[in-house]
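Enquirer: To start, I am sharing the structure in question, which I have written as structure tokens.
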Amino acid sequence: MPKIAEIETTPNPNARKFVLREPLTGGVTRSFESAAQARTDALAAALFAIPHVTNVFYVDRWLTVTQDGGADWQDLIRKLAEPVRAAAAYNPAAPGPVGAARVPVAGSPADESRLRAINALLDERVRPALRRDGGDILIVSLVGNQLTIHYQGACGTCPSAITGTLAGIEGLLHAIEPDMQIVAV
């Protein structure tokens, strides 16, 4: 049963990050944008059963919950804390979560190599900051000069992710590939 170490605000006013004392996963990212997506995940399903929850994202020792803006955070946090505390801590001997990981699509073998380089750059320069803020970025595809990304967790509906962070990622990637087009979906 993960204990909550602290609850942090994020740049997204509709998201809160729960920092936990025990891990929920062994490095596997779990991201849900609807109750239907969460139906096979006990923790996410319990959180989506609480009115106003619109997104659940978790990995290792933290979890981010996004709401629709219609709830008071103090009241909502009390309700969210119950299923978070009741969730099973990660057990490496237990079977992993059901569902396949999303694998980015590359348009060609040359794109595969470029995709690895882009992911390495994002791992080093972008993802740590997004994770501190309760979110992440997923590469959906790289086809030719178009990179399609998807923001997760608190970043998914954050105005600064859609504008400032996207511009920062574009600038970073344009330094290595000037013709790269980045599309957020």
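Every number here is computed from the coordinates shown, using simple stated rules; none is lab data. Since we're looking at a predicted model, the values are computed, not measured. We place every Cβ from the backbone using ideal geometry, glycine too, and count neighbours over all the protein chains shown.
Enquirer: Does any residue of region 51-58 turn out to be touching a residue at least 40 places away in the same chain (Cβ under 8 Å), hydrophobic (A, V, I, L, M, F, W, C) and farther than 27 Å from residue 160 by Cα?
Expert: Scanning region 51-58 turns up no residue that is touching a residue at least 40 places away in the same chain (Cβ under 8 Å), hydrophobic (A, V, I, L, M, F, W, C) and farther than 27 Å from residue 160 by Cα.
Enquirer: Of these, 167, 175, 154, 120, which one is under 18 Å from residue 29 (Cβ atoms) and out of contact with any strand residue (DSSP E or B) (no Cβ under 8 Å at 6 or more places or on another chain)?
Expert: Going through 167, 175, 154, 120 in turn, just one is under 18 Å from residue 29 (Cβ atoms) and out of contact with any strand residue (DSSP E or B) (no Cβ under 8 Å at 6 or more places or on another chain): 120.
Enquirer: Give, as residue ranges, the strands (runs of 3 or more DSSP E) completely inside region 113-185 that count at least 2 residues that are within 30 Å of residue 20 (Cα to Cα).
Expert: It comes to 135-143, 146-153.
Enquirer: Hey, does region 129-145 have a residue that's within 24 Å of residue 55 (Cα to Cα) and surrounded by fewer than 15 Cβ atoms within 10 Å (Cβ to Cβ)?
Expert: yes
Enquirer: Oh, and also: List every residue pair whose Cβ atoms lie under 7 Å apart, where the two residues are 6 or more positions apart in sequence or sit on different chains, the first residue falls within region 17-39 and is within 25 Å of residue 92 (Cβ to Cβ), and the second residue, located anywhere, is of a type in the set (Lys, Arg).
Expert: Going by the 7 Å Cβ cut-off, the qualifying pairs are 19/61; 20/3; 20/61; 21/3; 22/3; 23/61.
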